Every structure is written in C-alpha cells, then in structure tokens.
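To start, the structure under review is shown below, and the notes come after it.
The values are calculated or read from the model by the stated rules, or taken from the named source; none is laboratory data. Quick caveat, the model's predicted, so the values are computed rather than measured. Because the Cβ atoms are built from the backbone with ideal geometry, glycine has one as well, and the counts that use them run over all protein chains shown. Quick note on the areas: whole protein, heavy atoms, side chains included, nothing else; ligands and nucleic acids left out. Shrake-Rupley method; radii C 1.70, N 1.55, O 1.52, S 1.80 Å.
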Amino acid sequence: MRIWVTGIGVVSPLGHGARATWERLLAGESAIRQLTLFDPAGCRSHLAAEVPDLSVAQVAPPGAAEEWSRTDAMAALAAREALEQAGVDPARERIDLCVGSTTAGMFETEDLLAEMALDPHALAPMRRMLSHPLSATADRLQSRLGPFGQARTVCSACSSGANALLLGAAWLHGGRCERVLCGGADGLCRLTYFGFNALAALSPEPCRPFDAARAGLSLGEAAAFLVLELEAAARARGAEPVAELCGWAVGAEAHHITNPEPSGEAAARVMVRALRCAGIGPAELDYVNAHGTGTRLNDAMEARALRICLGADARRIAVSSSKGQIGHTLGAAGAIEAAFAALAVAHGAIPPTIGLRQVDPDCELEHVRFSRRQRVRAALSSSFGFGGTDTVLVLAEPGRLAAPADPSAPRPVYVSAAATLGPAGLLPTAPGVALLESGPAPAPGGADFRPGEHLDLERARRIDRGGRMAAAVLQAALRDAGLAGPELAPETGAVVGSAFGSVDACAAYVHRAFAKGAKFAAPADFPNLVPSSPGAHASIYLRLGGPVVHCSDLGATAESAMVTAVELLTAGAAEAIVAGSVEEASRITEHVLAPLCSETVGTEPRGEGAAVVLFETEGSLRGRGGLARARVWAWSSWRGAPARALADLPGPERWERAAVLLAREDERARAALGASAWGRLPR
C-alpha cells in the first residue's frame, strides 16, 4: 500500500501558490521585512514575514467576512489549490480533512479579548469572535470547499501541520478513507509576537539558521495543504503523484515546555522510527528539510539529532531550512516544509538556507547555502513543537522504494482505565462509575481540585491550572491501570483537547501587553497560552514519550481526542494513549463564546473539569499483564452528518445489550437515530 501526494497548495510570504513560492524559494528571496500588520513597539525585533495582498473579504463567502480570519483565508486558498492540482471535487468524491493550527482567529479577536479581560460583559457578543475557536478554520474549509467526511483539528504547537499529515496517513493506513486533505495554517498575531519577544526568542535581524552568530527566530505566517491519496484510488481516477509519503513518526521529549532536550537523542529516536517506517536507511536519503528556527538551542539540538540518526551519511545528505526566507510559520511550518520536501523530490532541486554565513561548529552538517539541482530520492522533514512534540515525515520518489506491505487488520484497542476531575473531586474508574450510577450529577461549577494532594508542587510550579488538571487526571488514569513510575512505557502518549483553550488567560495577557507595552508580557505565562500546553505539560510531568497532540472540536472535543487516540494506536504510532478533554472555568467562554457557538456546544451552563480514558493495544496489555475493561469495537466520525456516521457503524444486533449515549440530543440526531437500527435502543 502506497500513499501518494497528488496535490499541493501553498500560501506563503513569498507568494500565493505553490509554484510562485517554490520558484522564489529556489531563487533565495527572503520575505522577512518590516512588520506592518500591527505595531511591534517595545519588541527587540520589528521584522516578520507577512503574506502579501491577502484579502479576507475576497476569500470568504459574501456577508461572512467578519467571521473569517487571515488564518481561514490562507487555509482556503491553499486547500483549494491542492484540491485543484489533485483533481478532486469534494462534492463528487469523498475526501476527509485534517487541519493543524495554533493561532486561528487570534489576530482578529485579541483587541476584543483585551477589553473582555476587565469585564466579559463589556461587549455584546460579536460575530467576529466566531473566528476565535481553534476549530474555526476546519469549519470555514467545510463551508467553502466541502463537504468533507470526517474533519479534525489538531495542535502540537510548531509541529501541528506535520501532525495533521501524520494523522491523515494514519487514516489511510488504517483503511478509514481513500484520500485526505491535510495541512496547517497560522496567521501572525500580537499575542504570539509579544510572547516570543518575552522569551527573548526574536532576532533583531532576519533569522540565520545554523549560523554561528544566530540570534533567534523571525516569525511568519502561511498555509499549506497536501492531498494524500491511496495509490489504488489515485490510479483509478487517472491521477499522477507529486511524491510519495512513505514514512512518519511522532514522539514527545518529556523535557521542557519551551527548551528542547539538548542531547538530540529524543529527536533522533523519532527520526529513526520515521526512516524505519519508510523502510529505508540513511544511505537512501538525499535531503533533510530541517526545522532550523535560528535559535541557539533548537538548531544545535537538531544538528546533534541528525548526526545521531544519519551517522556517517550526515556528511553527505543535503540540509536546508526555509525559515530565513519565510520565517517561522508556527502551526503551518510542518505542513509547508513537508510541501517543500515533496517539491524537492518532484523537481530534483534543493532550496538554500538563506542567512547562513558561518556554520556554528555545533551545527556542522552538509548545509546548502545556494540552491542546487540534484536528484532527491527521498527527503526527511522534521518539526519540533513547544512541549517537545517531535514529528518527522519521509517523502520519496513515487514507486522508487520497495512497496510497503498492505496493512493487516487494524490492531484491536482496549480501554484499561479512566479518570474524571470535577465538582466531586479526582476519581479513578471505579468510584467514577459508582458516582454516575448513584444519582444526579453535582451542579456545574469549579472542580474540587487541590493540586497539592495529587501533584508534586515543586515540579508543577510553572504549570498553569489547565496543565495541572491535565497532569492530575492523566496520572490518575495511569495509576488506575497500574501504569506509573517504572511501569510506564516510554512510548505512552496523550491526546488532550479543549473546546476554546485558555481564553481568560489569553485575554489577560494581551490586555497587559496592550495597556503597559510589549515588555510587560510575562515570559513564564506565554507557553501556557498555546492550545496544546495542557497535554504538553502533562507529558513532561509524567514523562510520556509517545504521541502528544491536542484536539479542538467545540462540543465534540473529548470524543475527537479519544477517536484520534484510537486511530493512532490502530495505525501503530503508539502502544498506549490517554485521551480526553480538560476545560477550565472561563468567564469569557460562558458569556461570549459559548452563546455564539450554541449550535455546537449547547446552551446549558458549563462547569469545569476533565475526563480521560486510557486506551491500549493488545500487545501492551499482554506485555504488562493488564486488565481490559472494554474493547473499542468500532467508531465513526463525520462532520455534520450523524446519519452517515451511524451508517458506517455495524448494527447493534451483534450485542446482547446495547444502549445509545448522547451528549446532547438535537433534531438531526433524533432523525438520524430514527432512520437507523440504533433508533430502537434505549438512550
């Protein structure tokens, strides 16, 4: 079974379109210049790489521009180009969607959030706030380019776009679909600019990856989407491949929320797994599209990791970073760099590392300073995100490598534990079930959470409330399964979601920066504002080395996180994953965002809490003698189509006892249930 890349779409600071971007990349042009989107007064840098001539109003449907963000507009343009090149029409052929992002509509809403930090009632709910949820971009793509089948939004900071591609590959590999539109998009905003400035990570001059005099990164914005397709499905409709996605791997460093694990060994392990997945060794690799941010710690770590992974071939394999030309595009970076790796394979050309003048001795590799024409049999693309989520993709000439074996039946997945955190406190599986059976649930409100009783506060001192809640509930589930301390497998992962993220904390952050100046943005607070931070903090606290990603899907966030975990397990990306959702109490969410999104999240009062389920493969359970409490027999995910989701499930007649559990029953759900075999069951 082969996975082809049949379409690529790019919107970048170098231009609109993959061809324009690629030509200017090879020409060595840089788009890093004076920032005009907002005033960077008080920052150590005034530079960024902005996408030129971007009009949200021209991309959004008529009358909907107020609800769209720059992120949405870039995503729509790039996704449309990828679909057109692939020759796929979602109205005629099923195609799924996976989007990676971190900022969503933050630029469009941060001034409103700053005012709401003082009083969430200060402004009546405004349509502009509809661009804020992280899942908004997937919704915009669905409305403008869809219909898509299942749709997922993932975040792992700077590796978000790469993980969208990895999850798409997992869907294809697991037989969930035949084609997926995957990618990432992120627009510039003041919150991230001021945050990276607070971390002293911004370079006063255009960034210089791997250079001895490098002084930090330059921020950028972009979107890139790739159509991934099973070879058989692509051939059946006469499509031609651009490249082949033949390997992928993801893992967490479990080291620090912003600093990489310095030895490079954690990143090297992920690189080795990706090459093994592709069935190749370093001798068959010709190019590495490096993450190459231009920061002191990240560049040195990445170079060490590549030398560990590639061995003697590190002196031969060409390496370059595009960030000296388009800046660090955050959630889009992993996708746009995978696109560059695919284009390098397709065109036999390697772009340069602009800004590299004198290589740092710690970063010695075969760096490309001027673009070169060279056959690229296979290319490796690396991404490293806040919290240490490392994702590596391998792209190759179509059909050049040995054909991978068709996957066997998906590996069975079991539930081995669960835990909840809410008004009744922190509860592992058994007491939690007893509580649910004993009577009415506690009234919505703050969680009965006393961190000192469940966590080592010295180790958790820099973690915010959401991260502490995540660490505590994940720890409770792992302990309930007997997986704690030395018994915890290093490849155990976590998929933790939230519907809106840390809205109140973001509002307070931008309010302080707007009122007092960028220099008053606290460096310790900024990492907690990245949507994926709760899971990242928990992975560091608990030493989880498997996949660690975040999901966001409004009222279905927890379900999306759990389904994502199951899909990663069945595809062989890990052996055990804890998955669920963490929601902090939020005045702004309650008074502004939830009413605006009431069709998706409901109108009932929201409480605060967390809930996770531990999923394991059969091999993991047998290896440690664990107990399976349930098996995941089937699952289905469809965007806005409950009837189709039910149609994909086996009928309930195979079980002696069955019931339907609905988080919220609306008219569409009732109609879909009534038309299916599941409609006769108790709810």
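Can you tell me which of 319-331, 347-359 comes out highest on packing, and rank the rest after it, using the mean Cβ neighbours within 10 Å?
319-331, 347-359
Can you list residues from other chains, or at least 5 along the same chain, whose modelled amide H is less than 5 Å from the amide H of Thr389?
Glu253
With every protein chain left in place, what is the accessible area per residue of the chain in square angstrom, probe 1.4 Å?
36
Enumerate the whole-percent occupancy of each 5 Å bin, from 0 to the last occupied one, for all C-alpha pair distances of region 329-433.
2, 9, 11, 13, 14, 13, 9, 6, 6, 7, 6, 4, 1
Between region 32-67 and region 296-351, what is the C-alpha centre distance in whole Å?
26
With only alpha-carbon pairs counted, each pair once and no self-pairs, how large is the Kirkwood hydrodynamic radius of region 130-246 in angstroms?
16.8
Ranked highest first by the average count of other Cβ atoms within 10 Å around their residues, in what order do 619-632, 224-237, 575-588, 261-274 fall?
575-588, 224-237, 261-274, 619-632
Using +1 at the C-beta of Lys and Arg and -1 at the C-beta of Asp and Glu, which of Gly161, Leu542, Ala290 has the Cα lying farthest in the positive direction of the dipole of the chain?
Ala290
Quick one: dipole size for the chain, taken about the Cα centre, charges +1 on Lys/Arg Cβ and -1 on Asp/Glu Cβ, in debye to the nearest 20.
With Lys and Arg at +1 and Asp and Glu at -1, about 840 debye.
Using a 1.4 Å probe and counting only protein heavy atoms, arrange Trp678, Trp633, Trp4 so the residue with the most accessible area comes first.
Solvent-accessible surface, decreasing: Trp633, Trp678, Trp4.
Over every pair of different alpha-carbon atoms in region 606-658, take the mean of 1/r and invert it; report that Kirkwood radius in Å.
14.5
Which value, in Å² rounded to 10, gives the accessible area of Cys158 with a 1.4 Å probe and all protein chains present?
10
Just the accessible area for Phe107, please: 1.4 Å probe, Å², rounded to the nearest 10?
That residue has around 50 Å² of solvent-accessible surface.
Calculate the dipole size of region 1-101 relative to its Cα centre from +1 charges on Lys and Arg beta carbons and -1 charges on Asp and Glu beta carbons; express the result in debye to the nearest 20.
It works out to roughly 320 debye.
One-quarter of the Cα convex hull surface for region 543-653, in nm²?
Taking a quarter of the hull surface, the average projection is 9.3 nm².
Residues with amide H under 5 Å of Asp96's amide H, sequence separation 5 or more or different chain, H placed in the peptide plane at 1.01 Å from N; which?
Amide H neighbours of Asp96: Gly149, Arg179, Val180, Leu181.
Using alpha carbons only, what's the Rg to Rh ratio of region 179-257 with Rh from Kirkwood?
Checking Rg against Rh, the ratio lands at 1.13.
Give me the percent of the accessible area of the chain that comes from carbon and sulfur atoms, probe 1.4 Å, all protein chains in place.
Carbon plus sulfur share of accessible area: 52 percent.
Would you mind computing, in nm to one decimal, how far apart the modelled labels at Glu29 and Arg237 are, each placed 7 Å from Cα along Cα→Cβ?
It is 3.2 nm.
What number, in nm² with one decimal, is the all-direction average of the projected area of the convex hull of the alpha-carbon atoms of region 297-377?
The number I arrive at for region 297-377 is 5.6 nm².
Any number yet on Rg/Rh for region 1-78, C-alpha, Kirkwood?
1.07
Give me the extension gain from Gln142 to Ala524: residue separation times 0.36 nm, minus the current Cα-Cα distance, reported in nm with one decimal.
Fully extending the segment from Gln142 to Ala524 adds 133.9 nm.
Reported to two decimal places, what Rg/Rh ratio describes region 211-311 when computed on Cα atoms with Rh from the Kirkwood expression?
When Rh is taken as the Kirkwood radius, the ratio is 1.04.
Counting only DSSP beta bridges with both residues in the chain, tell me the antiparallel percent, nearest 5.
If we restrict to bridges inside the chain, about 70 percent are antiparallel.
Which whole number in µm²/s is D for region 458-517 by Stokes-Einstein, with the Kirkwood Rh taken over Cα pairs at 20 °C and 1.002 mPa s?
Translational diffusion coefficient: 151 µm²/s.
Stretched out fully, how many nm does the piece from Asp648 to Glu618 gain, at 0.36 nm a residue minus the Cα gap?
That works out to 8.4 nm of additional length.
Taking the Cα atoms of the chain, report the difference between the largest and smallest coordinate on each principal axis, in whole Å and largest first.
Largest first, the chain extends 69, 59, 55 Å along its Cα principal axes.
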